[in-house]
Each structure stands twice: as C-alpha cells, then as structure tokens.
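The values are calculated or read from the model by the stated rules, or taken from the named source; none is laboratory data. Predicted, not measured: the structure shown is a model, and the values here were computed from it. Neighbour counts run over all protein chains shown; Cβ positions are idealised from the backbone, glycine included. Note: areas computed on protein heavy atoms with side chains; ligands, DNA, RNA excluded. Shrake-Rupley method; radii C 1.70, N 1.55, O 1.52, S 1.80 Å.
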Amino acid sequence: MRFLALLATLNLVLGAQEASAEIRSKALAIHHRLFTLDTHCDTPMRMSDRWDVGVRHEPGKRTSGTQDLVRMKEGGLDASFFAVFVGQGPRTETGNQAAWEKANAVLDRLDRMFAQHSDLCGRATTAAEGKRLAQAGKRAIFLGLENGYPLGTSVERVDHFFRRGVRYITLAHTADNDLAASSTEERDRPDGGLTDLGRKVVARMNDLGMVVDVSHISDQAFADVLKVSRAPVMASHSCARAIADHPRNLTDDQLRALKKNGGVIQLCILGDYIKPPAADSGRRKAERDLRRRVQALGGWQNLKDPKVIAGFEREWEALIEDYRHELPTVKDAVDHIDHIVKVIGIDHVGIGTDFDGGGGLRDCSDVTHLPRITEELLRRGYREADLAKIWGGNALRVLEAARRVAR
C-alpha cells in the first residue's frame, strides 16, 4: 500500500511538471507572437562610449544593466519607451538651463544610437511605425521625457521635444517642479497639485498629440491633470496602492478616474512599488543609511557634483543587487494586474518595467525574463487577447487617442 501511495504521489508530481512545462512552452510562443511594448525604461542613463546598447551584455553582472537591444530581442520585447531622464535640481534660471542641456545631450546620444544601430532598432512615434519596425525584426524605440524640469518655465519647449521625437512627458519626478507637485516630495504645506504653467503645458501637449504621463505626480496633481487634459493619460510606470501602500502607486479611486478618462496604468516592477520590504530588513537598514548620507548633503535635488551623484547612484544599484533575494516575485507583480483588472477592467493596464531605473524582481531581473510575466498571466486564466492588450495594445490605444485629439 505504501508503494502504491508513493507511486501515486510521483505520478501527481510528474503530471504537474508536464503541465507546467506545457504552459511555459505555450506562454513563450504567445509572448513572441504578440507585439510587446514596455512603456518605461532608463537604459539611456547607462549608454556611453564605454557601454554600447547595441552589444549583448551578459545578464546578472552589475555592469551589464537589465537590457540592451540584443537582449530585448531574446526576451521578445518588440518596443520600449526609452526615458530621457533629468533628475530634479534647483528651480532657478541656471538649474533650468542645465536641465535643458542635459535632456538635449541625452537626445543627441539617442540620435547616435539610431544612426549607429539602424540594423537593430529604429525611432517610433506612432503605433503604426512601432509595428512596422517590429515586423522588420527591429526594436521600436519610442521616447519619453521623464520629469518636466527641462521645460523650465517655457511652454514653447514642449514643441522642441515633440520635434525631437518625444511622445510623452512625465510631469514631475521625485521632487516638486514648476509644473506639478511630486508624490514623494517631503513638504510641510498642502499638496499644490498642478501649477498654472503645468496646465498650459498639458494643454499644449494635447494640441501636439503628446501623452501626459501621470506617474510620479501627487494625488492632487493627478486629479488636476484629469480635469485639464482633453486626451487619455498614461501612468507609464506605477502600481496599485491597495496592494502596496506607496505614494507612487494609484488608489482605487484614481484607477476609476483613469478609466473614466480612457487612460492606462502600466505596471512598474520596481520592488518597493510591488511589495515594500519589511522595516527591519537588511535592505531597509542599508537604504536608510544611504538616504541619511544624501540628506546630510541637502537631499538628492541639491547635489551638484556629478561625481558625488554618480557615486550615490552606484551605491543604490549595488544595494538593489545585494538584496535581490528580498525582492518580490513575478507572482507578487501579477497580483497588481489582477487587482487593477478587477477594479477597472482589462482595457486599462499594461507594463512599464522601469528597467535600468531600479526595476526588477527576484525572478525577473533582466529583459530576457519577461516571458515569465506572460507565463504567470496565462496560468491565471488570461487569454491571448487579454495578453495582447496588456503587452502593448492598451498603451498604443492611448498613444493614438492623443494623436486624434491634437489640433
């Protein structure tokens, strides 16, 4: 009897393994069949004369980053919004000019990428262009400006970035700027929301057909944008606050407002937004120490020495790598998608990993691991039509809706 029981258990285990392998194989086939779009990555920050985005970098090494054009193909990622990121600095004429110059320098670097690696990628500004590039076997690279700081106090600069190929602007980043209040600004005053300049910027973005990105902005600024914008908006890399109570995430009420607007929230796989670590974890302690040292110098927004900034950024990356075993998993991330779909439906959710900007999970730390998200979604009963919406269809709908609203 004991032998028969062991045999039955073995058969169950083998059956489960066969079923799991079948789902994995099916997920991989579907993933590579879909048009897949990641709406936020910070890979341009890594690009330099010493780090070539067109060369394959071995996954898992600290200097490799989380993606390059070669690994994007391996991971079945057809398209990505590369972020032109500028950290918040002094809100002065000098600070604004420095931010303007940095943003344009990043765009110049991306122009060189398109020229140097035209066999691997191409610039995309519309859904049709993105799909044509994918059909040609190239990575479609869209551009987004993360932080409206380079606009300074000039609405006209929106036109400049539009001409350079930028198709969304994240209005603020980790601190308030002249457009909007940030969700993570430490303030002793009420949330100021969207400024008068911010309202003019949103209106001009609508005129041009640029998508307004509401990730990173405060709750009041989010509400203000939805009152002003004539087009659907996008949270390019955010999660559900009901699952992970972080100010960067959207509440259920915000999700419902986003649905009414016709917009979309793109799941960010940065650990703290998926499942914040326990207060007594090793990572939390190391993180607090790093933040204390940054605050002693006046905070991130007041750091001026590029070498000091680069040093703290390297420490932050190393911290994430050292405590990767504490990071949440793909299952934890898909819990957010389940919740969002339950609250506002399948037509308003997508993926915005934040790769190379802190994004990454214990079992999805590299672009080549993205099919694991598709596999988990398939295990939970999502159909291929649902996956097509999550992996790009919903975001492309918002991109095209913004174009239709444009004058």
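Quick look at the numbers
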{"read-out": "When residues of the stretch 179-208 are limited to those that are in a helix (DSSP H, G or I) and open to solvent by 40 Å² or more (accessible area, probe 1.4 Å), the one nearest to A127 (Cα to Cα)", "value": "R204"}
{"read-out": "Residues satisfying the stated conditions in the stretch 343-360, i.e. within 22 Å of A242 (Cα to Cα) and not in a strand (DSSP E or B)", "value": "V343, I344, G345, I346, D347, H348, G352, T353, D354, G358"}
{"read-out": "Identity of the residue in the stretch 361-374, touching a His at 6+ places or on another chain (Cβ under 8 Å) and either open to solvent by 20 Å² or more (accessible area, probe 1.4 Å) or part of a helix (DSSP H, G or I) (or both), that ends up modelled with the lowest pLDDT", "value": "R362"}
{"read-out": "Residue under evaluation D176, criteria (1) outside any loop (DSSP other than H, G, I, E, B); (2) under 24 Å from T92 (Cα atoms), criterion not met", "value": "(1)"}
{"read-out": "The stretch 55-72: number of residues that are touching a strand residue (DSSP E or B) at 6+ places or on another chain (Cβ under 7 Å) and either open to solvent by 10 Å² or more (accessible area, probe 1.4 Å) or part of a helix (DSSP H, G or I) (or both)", "value": "3"}
{"read-out": "Where A242 falls short, out of the listed (1) buried (at least 19 other Cβ atoms within 10 Å of the Cβ); (2) small (G, A, S); (3) out of contact with any strand residue (DSSP E or B) (no Cβ under 8 Å at 6 or more places or on another chain)", "value": "(1)"}
{"read-out": "Residues located in the stretch 39-54, provided they are touching a Leu at 6+ places or on another chain (Cβ under 7 Å) and either open to solvent by 10 Å² or more (accessible area, probe 1.4 Å) or farther than 16 Å from Q116 by Cα (or both)", "value": "G54"}
{"read-out": "Flag for A175 being under 20 Å from the mean Cα position of the chain (by Cα), surrounded by 20 or more Cβ atoms within 10 Å (Cβ to Cβ) and either farther than 27 Å from G392 by Cβ or free of Cβ contacts under 8 Å to residues at least 40 places away in the same chain (or both)", "value": "yes"}
{"read-out": "Leading residue by the ranking (modelled with the highest pLDDT) among those in the stretch 291-333 that are part of a helix (DSSP H, G or I) and among the basic types (K, R)", "value": "K331"}
{"read-out": "Residue match in the stretch 73-96 (condition: in a loop (DSSP other than H, G, I, E, B), open to solvent by 70 Å² or more (accessible area, probe 1.4 Å) and without any contact (Cβ under 8 Å) to a residue 24 or more places away in the chain)", "value": "no"}
{"read-out": "The one condition in (1) crowded, with 24+ Cβ neighbours inside 10 Å; (2) assigned to a strand (DSSP E or B) that L143 fails to fulfil", "value": "(1)"}
{"read-out": "Residue within the stretch 334-351 that is at pLDDT below 95 and open to solvent by 40 Å² or more (accessible area, probe 1.4 Å) present", "value": "no"}
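Residues checked against (1) of a type in the set (A, V, I, L, M, F, W, C); (2) out of contact with any helix residue (DSSP H, G or I) (no Cβ under 6 Å at 6 or more places or on another chain); (3) modelled with pLDDT under 95; (4) within 20 Å of P247 (Cα to Cα):
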position	(1), (2), (3), (4)
I141	yes, yes, no, no
V155	yes, no, no, no
G165	no, yes, no, no
T170	no, yes, no, yes
H173	no, yes, no, yes
A180	yes, no, no, yes
